[in-house]
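S.K.: My questions all concern the structure below.
The values are calculated or read from the model by the stated rules, or taken from the named source; none is laboratory data. Keep in mind the model is a prediction, meaning the values are calculated, not measured. Methodologically, a virtual Cβ is constructed for each residue, glycine included, from the backbone with ideal geometry; neighbour enumeration extends over all protein chains shown.
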Amino acid sequence: MGISHCAIVNAHPLLDMVAVCDTSSFVLDVFKKYSAVRGYTDYKEMFQNEELDCVFVATPTKFHFDIVKSALDKGLHVFCEKPFSLHVDEGKELVDLAVKRGVVNQVGYHNRFIGTFNYFKKLIEAGILGNVYHFVGEAYGPVVTRKKGGTWRSKGSEGGGCLFDYASHVINLIEFILGDIKSVDGTQLKKIYSSGVEDAVYSSLILENGVSGNLSVNWSDETYRKMSTQITAIGTEGKIISDAQEIRIYSKKGNEKFGLEKGWTIKYITDLTDNVDFYLRGEEYSAQVDNFAKSMESKASQNKSSFESALNTDRVIEKLNNYQIQ
């Protein structure tokens, strides 16, 4: 993700990449050979020597707190990759410090910038489903499909594991579209191939508004070529099923304002996505960086994917860890 962010930032008209910090000599040698970007192996030295406005933090999760805190202490705007923090108390400290410093703060939950999911949110807010009474949040992919040697992904202390690395995306998306999660129940963290962390997460969730639903996430599912995330909501007036490619809406009455037929309507991501200046991995990755840059330009106090919203996700992760079935 660090390399991806570098490419997107370097192409953005409001941003000028001046320095990069990495522990890889290969990465730093490439920047030195092919660009004017200055390289560092110590982020504190970079913060001290460079006149920076903002920083992008794309490291294993266990390093987020120290790096982000140092950046905030310098008064820098911060974009931090997900998940936000391994410990809720540390995340709360960073949220409070960002507010105190008055800086733009954002976490890389890119699903918040995907057209289908944003359209889903608009439909829910417009009451298209009537009274929502159930939801399902799912994600599947082939990250760990056999027993193998350990990496940071296989260490819970570094932010690895399906819960932090995969399920966090779904939890954050549920809260973005449907509302904050109040409680969890019947949680199962299953080891399939990994020994140190879970490979699948299953749980019952209850939102602050009382709506119940299910979480089903598995990063050891080789029937998928890459990560696939889907959200379903069911209400008294219909049903919505959405992934990153299409959204399917079943409406009992139809809705002229949203162009919904009575029965099923399908809308595709190509009809619901704004163009971006630079495409890499998907429009949403450039869109989130653009949101961060424009928030700095306008000195916006609110952000679509703020530290505070990411902290709410971390609180749910903590509950899932604490209330699993033994």
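S.K.: Inspect region 16-29 for any residue being exposed (fewer than 15 other Cβ atoms within 10 Å of the Cβ) and under 24 Å from SER286 (Cα atoms) and give the result as yes or no.
M.R.: Yes, the conditions are met somewhere in region 16-29.
S.K.: Pull up region 204-218, narrow it to residues that are outside any strand (DSSP E or B) and of a type outside the set (S, T, N, Q), then point me to the one that is nearest to the chain's Cα centre (by Cα).
M.R.: Here the residue is GLU208.
S.K.: Output the residues belonging to region 271-315 that are small (Gly, Ala, Ser) and at pLDDT 95 or above.
M.R.: SER286, ALA287, ALA293, SER295, SER305, SER306, SER309, ALA310
S.K.: Considering only region 243-279, state which residues are part of a strand (DSSP E or B), under 30 Å from LYS226 (Cα atoms) and among the hydroxyl-bearing types (Ser, Thr, Tyr).
M.R.: TYR250, THR265, TYR268
S.K.: Looking at (1) of a type outside the set (D, E, K, R); (2) part of a helix (DSSP H, G or I); (3) within 22 Å of ALA139 (Cβ to Cβ), which is the only condition MET296 fails?
M.R.: So the condition that MET296 fails would be (3).
S.K.: In addition: I'd like to know if region 220-229 contains one or more residues that are at pLDDT below 95, surrounded by 13 or more Cβ atoms within 10 Å (Cβ to Cβ) and of a type in the set (Val, Ile, Thr).
M.R.: no
S.K.: Here is a follow-up. With respect to LYS319, is the statement that it is out of contact with any Leu (no Cβ under 8 Å at 6 or more places or on another chain), surrounded by 18 or more Cβ atoms within 10 Å (Cβ to Cβ), at pLDDT 95 or above and over 22 Å from GLN106 (Cβ atoms) true?
M.R.: Against the criterion (out of contact with any Leu (no Cβ under 8 Å at 6 or more places or on another chain), surrounded by 18 or more Cβ atoms within 10 Å (Cβ to Cβ), at pLDDT 95 or above and over 22 Å from GLN106 (Cβ atoms)), LYS319 qualifies.
S.K.: Only one of these conditions is not met by ASP165: (1) farther than 26 Å from SER306 by Cβ; (2) outside any strand (DSSP E or B). Which number is it?
M.R.: (1)
S.K.: When region 267-326 is examined, which residues are found to be within 18 Å of the chain's Cα centre (by Cα) and at positive phi?
M.R.: Across region 267-326, the qualifying residues are ARG281, GLY282.
So that you can scan it fast, the table gives a plain yes or no per residue for (1) farther than 27 Å from PHE292 by Cα; (2) modelled with pLDDT under 95; (3) surrounded by fewer than 18 Cβ atoms within 10 Å (Cβ to Cβ):
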| site | (1), (2), (3) |
| --- | --- |
| GLU125 | no, no, yes |
| ALA139 | no, no, no |
| SER157 | yes, yes, yes |
| HIS169 | no, no, no |
| PHE176 | no, no, no |
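S.K.: Also, I was wondering about something else. ILE181 versus (1) more than 20 Å from the chain's Cα centre (by Cα); (2) modelled with pLDDT of 95 or more: which is the lone unmet condition?
M.R.: (1)
S.K.: If GLU237 satisfies every condition in (1) crowded, with 18+ Cβ neighbours inside 10 Å; (2) modelled with pLDDT of 95 or more but one, which is the exception?
M.R.: Evaluating GLU237 over (1) crowded, with 18+ Cβ neighbours inside 10 Å; (2) modelled with pLDDT of 95 or more leaves (1) as the failure.
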